[in-house]
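The values are calculated or read from the model by the stated rules, or taken from the named source; none is laboratory data. Quantities reported herein were computed from a predicted structural model and do not represent experimental measurements. Please note: Cβ atoms are built from the backbone with ideal geometry, for glycine as well, and neighbour counts cover all protein chains shown. For the accessible areas, the whole protein counts, side chains as well, though only heavy atoms, and no ligand, DNA or RNA atoms are used. Shrake-Rupley method; radii C 1.70, N 1.55, O 1.52, S 1.80 Å.
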Amino acid sequence: LRTRDIENTGNGPLYRRLQSALKAVIDDGVLQVDDALPSERDLANELGISRVTVRNAMRSLVDEGVLVQRHGAGTFVAPRVEQALSRLTSFTEDMITRGMDPGAIWLEKTVGHASPEEAMALNLSPGTEVTRLRRLRTANDKPMALEYAVIPRAFLPSPDEVDKSLYDALAKYNKKPERALQRLRAELFDGETAKILGVPDGSAALYIERRSFLANGTPVEFTRSYYRGDSYDFIAEMQVDA
Ligand code: GLP
């Protein structure tokens, strides 16, 4: 990182420009997952700027989930989540397998009537009652995804049935999905969604739509999610046709 890299990133406050320059270095792969960042003092000396500026830039990147501070050890590039595309798992399971603590901030818990799009996705007649859950999903308190799940009310009478995991709640009624179709699409976070996830407006998002089904083929879930593009790698194993 050179002083001119920071000068080239626009004309906001200096710490914001340093923040974007550091983010670019990570996005370009120059600094990779678990790499240590130079100390505040070294970076400040090297760039000829104050330690306070460096501290503010690093703190903002920690808040964004791009960097992690490890007590006594320094600041590191935060790990990305690698997610297999071929296994049907829940967010809660995914985070627990990685040793992270899954959490949720509730944004909506309602019962309503299926919109035409939802009815089509869930194979219901329009207007059928559905349970809606909108949650910010977190891992170790870091915002990871915004999820909006719609479930036929016949399978989940009330959103209050869901404590932490939707799939655990469905399992109680013997309605845990056994198969799913998932669509992934690149998008940009709009202002409101970016704010909820604590990422800059216009940053990269993965839009994921999941329709999941019971063993007999009945649709049980229609979920639209926005995952952080800077934190997720989706992995699929492939084979040539036999
Ligand atoms: C993932 C899927 C969602 C699914 C959720 C269930 O996040 N993208 O479609 O609803 O897992 O997770 P949990 O059981 O933790 O609520």
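Before we move on, is Thr223 buried (at least 19 other Cβ atoms within 10 Å of the Cβ), of a type in the set (Val, Ile, Thr) and either modelled with pLDDT of 95 or more or away from the ligand (no atom under 14 Å from the Cβ) (or both)?
Taking the combined requirement at face value, the residue satisfies it.
Just wondering, is there one or more residues in the stretch 198-212 that are buried (at least 18 other Cβ atoms within 10 Å of the Cβ), in the same structural domain as Ala114 (by TED's automatic domain parsing), assigned to a strand (DSSP E or B) and over 15 Å from the mean Cα position of the chain (by Cα)?
Yes, there is a match, as at least one residue in the stretch 198-212 is buried (at least 18 other Cβ atoms within 10 Å of the Cβ), in the same structural domain as Ala114 (by TED's automatic domain parsing), assigned to a strand (DSSP E or B) and over 15 Å from the mean Cα position of the chain (by Cα).
Scanning the stretch 133-154 for residues that are in contact with a strand residue (DSSP E or B) (Cβ under 7 Å, 6 or more places away or on another chain) and open to solvent by 30 Å² or more (accessible area, probe 1.4 Å), which turns out farthest from Ser90 (Cα to Cα)?
Arg153
Scan the stretch 156-197 for residues that are within 16 Å of the ligand (Cβ to nearest atom), surrounded by 14 or more Cβ atoms within 10 Å (Cβ to Cβ) and among the aromatic types (Phe, Trp, Tyr) and jot them down.
Tyr167
Out of the residues in the stretch 13-28 meeting the condition of being free of Cβ contacts under 8 Å to residues at least 12 places away in the same chain and within 16 Å of Arg51 (Cα to Cα), tell me which one is least open to solvent (accessible area, probe 1.4 Å).
Arg17
For the stretch 86-120, which residues satisfy the criterion of being within 11 Å of the ligand (Cβ to nearest atom) and either more than 14 Å from the chain's Cα centre (by Cα) or over 18 Å from Arg228 (Cα atoms) (or both)?
Residues satisfying the conditions are Leu88, Thr89, Glu93, Ile96.
Give me the residue from the stretch 226-242 that is open to solvent by less than 70 Å² (accessible area, probe 1.4 Å) and part of a loop (DSSP other than H, G, I, E, B) and, out of that set, farthest from the ligand (Cβ to nearest atom).
Per the stated criteria, the residue is Asp230.
Report, by residue number, each residue of the stretch 59-85 that is open to solvent by 40 Å² or more (accessible area, probe 1.4 Å), assigned to a strand (DSSP E or B) and either aromatic (Phe, Trp, Tyr) or more than 16 Å from the ligand (Cβ to nearest atom) (or both).
Val68, Gln69, Arg70
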